[in-house]
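Asks: Structure below; questions to follow.
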């Protein structure tokens, strides 16, 4: 049978109890993605975020080290899933939050929706492993355990414009890639 779209376990997680994403009901659009390992996500309120917020709110001058600290503190945590997705060239896998993450766990996807392009699959940098970005805006640290469902992936067909002229480049990096090889 020809492979059209689906998930595979990346090499480094073979034989490590990683499971392939599954839809939880017959009418579910999303495939639940699970954490490939345990990760503790601290609260942003415990990461010097309050200090930066007070400086800004009280009109204090911010210096380069303040900006650097804020950027470091407010970075999302990348939770590995141990899986990669393959699909036709005219499809994309959208990563969305689970409603229980925000309602029960105070976890958010800071990028709103993640986009996994078809050429992310098997890239040289990380084999196309899918990571879910999360921040914890609650007051308590959140322990993510291996196997916890942390996001969902939805395969979508996308359309191209009449005057579509893509840049002739190949992906050479993995997550957050902006470095491309080609003309």
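Asks: Do we find that residue 126 is closer than 20 Å to residue 24 by Cα and either crowded, with 18+ Cβ neighbours inside 10 Å or in contact with a helix residue (DSSP H, G or I) (Cβ under 7 Å, 6 or more places away or on another chain) (or both) in this structure?
Replies: Details: closer than 20 Å to residue 24 by Cα: no; either crowded, with 18+ Cβ neighbours inside 10 Å or in contact with a helix residue (DSSP H, G or I) (Cβ under 7 Å, 6 or more places away or on another chain) (or both): yes.
When the stated conditions are applied, residue 126 does not pass them.
Asks: If you don't mind, another one. Across the stretch 14-49, which residue is nearest to residue 138 (Cα to Cα) among those that are out of contact with any strand residue (DSSP E or B) (no Cβ under 8 Å at 6 or more places or on another chain) and surrounded by 13 or more Cβ atoms within 10 Å (Cβ to Cβ)?
Replies: 45
Asks: Go through 118, 100 for me and flag whichever is surrounded by fewer than 14 Cβ atoms within 10 Å (Cβ to Cβ), within 17 Å of the chain's Cα centre (by Cα) and closer than 23 Å to residue 155 by Cβ.
Replies: Details: 118 fails: surrounded by fewer than 14 Cβ atoms within 10 Å (Cβ to Cβ).
Unique residue meeting the criteria: 100.
Asks: Continuing with the same structure: Have a look at 115, 139, 165 and point out the one that is modelled with pLDDT under 95, more than 17 Å from residue 18 (Cβ to Cβ) and touching a strand residue (DSSP E or B) at 6+ places or on another chain (Cβ under 7 Å).
Replies: Working: 115 fails: modelled with pLDDT under 95; 165 fails: touching a strand residue (DSSP E or B) at 6+ places or on another chain (Cβ under 7 Å).
Result of the check over 115, 139, 165: 139.
Asks: Answer yes or no as to whether residue 66 is surrounded by fewer than 17 Cβ atoms within 10 Å (Cβ to Cβ), in contact (Cβ under 8 Å) with a residue 12 or more places away in the chain and in contact with a strand residue (DSSP E or B) (Cβ under 7 Å, 6 or more places away or on another chain). Please lay out each step first, then the result.
Replies: On the way: surrounded by fewer than 17 Cβ atoms within 10 Å (Cβ to Cβ): yes; in contact (Cβ under 8 Å) with a residue 12 or more places away in the chain: yes; in contact with a strand residue (DSSP E or B) (Cβ under 7 Å, 6 or more places away or on another chain): no.
No; evaluated as a whole, the condition is false for this residue.
Asks: Given (1) without any contact (Cβ under 8 Å) to a residue 40 or more places away in the chain; (2) surrounded by 18 or more Cβ atoms within 10 Å (Cβ to Cβ); (3) over 10 Å from the mean Cα position of the chain (by Cα), where does residue 82 come up short, assuming only one miss?
Replies: Failed condition: (1).
Condition check ((1) within 16 Å of the chain's Cα centre (by Cα); (2) under 19 Å from residue 8 (Cβ atoms)) across all residues:
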position: 104; (1), (2): no, no
position: 111; (1), (2): yes, no
position: 131; (1), (2): yes, yes
position: 136; (1), (2): yes, no
position: 140; (1), (2): no, no
position: 150; (1), (2): yes, yes
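The values are calculated or read from the model by the stated rules, or taken from the named source; none is laboratory data. None of these values were measured; they are calculated from a predicted model. Cβ coordinates were reconstructed from backbone atoms using ideal geometry, including for glycine residues, and neighbour counts include every protein chain displayed.
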